[in-house]
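Let me begin by presenting the structure, written as structure tokens, before commenting on it.
The values are calculated or read from the model by the stated rules, or taken from the named source; none is laboratory data. Keep in mind the model is a prediction, meaning the values are calculated, not measured. Methodologically, a virtual Cβ is constructed for each residue, glycine included, from the backbone with ideal geometry; neighbour enumeration extends over all protein chains shown.
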Amino acid sequence: MAGISSDVIRGYNDTMILYILLENPSYGYEISKTIRQMTDQKYLIKETTLYSAFSRMEKNGYIQSFIAQPDANGNGKKRTYYQITELGRQYYEEKCEEWFLTKEVVENFIQKGAEK
Amino acid sequence: MNTLKSYLESMFAKMPNTREVLRAKDELWQMMEDKYMELIAEGKNENEAVGTVISEFGNLEELSGVLGLENAFSYQPTGGDTTQEAGIYDRQPLSFEEAKQYVDELVRQGFFVSIGVMLCIFSVIWPILCETFNWSQALGVTGMMLFIAAAVFLFVYSGIMVGKWDYIKKGNYMIDFDTAKVMQNEQSRFRKDYAVRLTIGIILCVLCWLPSMVIEETALGRIDQFENMGAVFLFIIVGIGVMMIVYSSMTMEAYKQILKINDIRLVSGNYVRASGKEKYINPTVETIMSLYWPTVTSVYLIWSFLTFDWHLTWVIWPVAAIISGVVKANLTVKE
């Protein structure tokens, strides 16, 4: 994850998590693994970062947690799953809008490999 | 995996014992465990897996906001501030060696005290022997006093030896997860021994009158000198029984002492909750009960020396123990 400043990306951790939850409920490690795979190993979210995002978003009503017990065959283990709420979907949309705007604004000042 | 568990426990050890904190710990553990399992499944060895998980764990300060612990990480002891809230964040860790030595010293004290108590009980045998065999009374008194003096020496000596660890009781200390685990294991290993020794001790005390009954009921009773020997055997048996009870109880207490160092208000108090301390329901009862055993001892000694009815006065002990048991059962609450 060389090159990514955690200050910059912090504002978008929530967006990434919510995106993953749009389809299915998921749990901590699965979410962090998905983020790593989707970003081609470029971004690795720390456990504490992930948990603080969960905790904050749950308080704000964007996600809900539930405990999944191992199934009758004893497969899987007891895990906390998170699922997105209606409010969370709205928030996700807002964050996407915000990103387009941010990108548009910042892009004006970016010149890759260019010389002055 | 144990390394990871210890790592997480030590990170959380000083955190206050709240629902939010425990939940955070639990969920972080789920994630760490999942990640570890997957790394192992990918063919990493244990060290690599542990290293990766720890390096990617992050920083607990990040959680201070969601856990409502903004002050926990920036807390600086201010010297004058002795509020309880402040106290829980500036605990000193006690090293494993210190904890071990402390427990060993307490166990040793238990041994010395139990021998001392036994000598006190044995001391009354001297006057009886002197009376039986017509030795001089001076010898009886001297023997008795020597035994008591030896006992007092053992009490004082062991008290002073343990005294050097007083700072542990007074200071703000905690033991880490691994130490607590080792101590807990030792305690549970000792538990069987404890039960056996305690039972034998109690049986000896209960059956102490057996020799004197046998002597009275059989031909031995008709020999003059055996008449008093029943009492001698009684004291020997009671002495050994009490010694076993005191020694085993004090050894058990030693483990409890070290395990209860961790405060219940801290997360680290969770892994010692099993040894939850019993408290009297109010301070008055606590004060009265703290004087209980000294009072019983004084009554025992005063009554005994005034009447010299040693063969009767020992009854105080079992009676006192029963009363204490009743009081404890009714007037204490688990913390």
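Observations, loosely collected:
- Cβ-Cβ under 8 Å pairs, at least 6 apart or on other chains, segment B:37-56 side of a type in the set (Lys, Arg), far side modelled with pLDDT of 90 or more: B:Lys44/B:Thr52
- Check on B:Met213, among the hydrophobic types (A, V, I, L, M, F, W, C), assigned by TED's automatic domain parsing to the domain that holds B:Trp165, under 19 Å from the mean Cα position of the chain (by Cα) and under 23 Å from B:Trp314 (Cα atoms): no
- Of B:Ile168, B:Ile148, B:Ile160, all but one fail to be out of contact with any helix residue (DSSP H, G or I) (no Cβ under 8 Å at 6 or more places or on another chain) and in a helix (DSSP H, G or I); the exception is B:Ile160.
- Within segment B:126-141, residues that are of a type in the set (S, T, N, Q) reach partners that are at pLDDT below 85 with beta carbons closer than 9 Å, at six or more positions or on different chains, in the pairs B:Thr132/B:Asp224; B:Thr132/B:Gln225; B:Thr132/B:Phe226; B:Thr132/B:Glu227; B:Thr132/B:Asn228; B:Thr132/B:Met229; B:Gln137/B:Glu131.
- Count - residues of segment B:127-145 that are surrounded by 13 or more Cβ atoms within 10 Å (Cβ to Cβ) and part of a helix (DSSP H, G or I): 12
- Within segment B:230-244, considering residues that are of a type in the set (A, V, I, L, M, F, W, C) and touching a Ser or Thr at 6+ places or on another chain (Cβ under 7 Å), the one farthest from B:Gly140 (Cα to Cα): B:Met243
- Qualifying residue in segment B:164-178 (condition: among the β-branched types (Val, Ile, Thr) and modelled with pLDDT of 85 or more): no
- Of all residues in segment B:175-227, those being among the polar types (S, T, N, Q), buried (at least 17 other Cβ atoms within 10 Å of the Cβ) and closer than 27 Å to B:Val242 by Cβ number 2.
- Exclusive hit being of a type in the set (Val, Ile, Thr) and touching a Gly at 6+ places or on another chain (Cβ under 9 Å), set A:Thr34, A:Thr39, A:Thr49: A:Thr49
- Flag if B:Leu266 is within 29 Å of B:Val162 (Cβ to Cβ), in contact (Cβ under 8 Å) with a residue 40 or more places away in the chain and touching a Pro at 6+ places or on another chain (Cβ under 8 Å): yes
- B:Trp303, sole failed condition from (1) in contact with an Asp or Glu (Cβ under 8 Å, 6 or more places away or on another chain); (2) part of a helix (DSSP H, G or I); (3) at pLDDT below 85: (3)
- Looking across segment A:31-77, the residues that are hydroxyl-bearing (Ser, Thr, Tyr) and out of contact with any Phe, Trp or Tyr (no Cβ under 6 Å at 6 or more places or on another chain) come down to A:Ser32, A:Thr34, A:Thr39, A:Tyr43, A:Thr48, A:Thr49, A:Tyr51, A:Ser52, A:Ser55.
Quick grid of which residues meet (1) closer than 18 Å to B:Met31 by Cβ; (2) touching a residue at least 40 places away in the same chain (Cβ under 8 Å); (3) touching a Pro at 6+ places or on another chain (Cβ under 7 Å):
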position	(1), (2), (3)
A:Leu21	yes, yes, no
A:Ser26	yes, yes, no
A:Glu47	yes, no, no
A:Ala53	yes, yes, no
A:Tyr62	no, yes, no
A:Ile84	no, yes, no
A:Leu87	no, no, no
A:Glu94	no, no, no
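- Residue selected from segment A:36-49 under the condition within 7 Å of chain B (Cβ to nearest Cβ) and part of a helix (DSSP H, G or I), by the criterion nearest to A:Thr85 (Cα to Cα): A:Thr49
- Taking the criterion of being facing chain A (nearest Cβ under 8 Å) and of a type in the set (Lys, Arg), the only residue of segment B:10-47 that qualifies is B:Lys35.
- Top-ranked residue in segment A:14-48 [being buried (at least 20 other Cβ atoms within 10 Å of the Cβ) and of a type in the set (S, T, N, Q); ranked as farthest from B:Gly68 (Cα to Cα)]: A:Ser32
- Some residue of segment B:58-66 being β-branched (Val, Ile, Thr) and at the interface with chain A (Cβ under 7 Å from one of its Cβ atoms): yes
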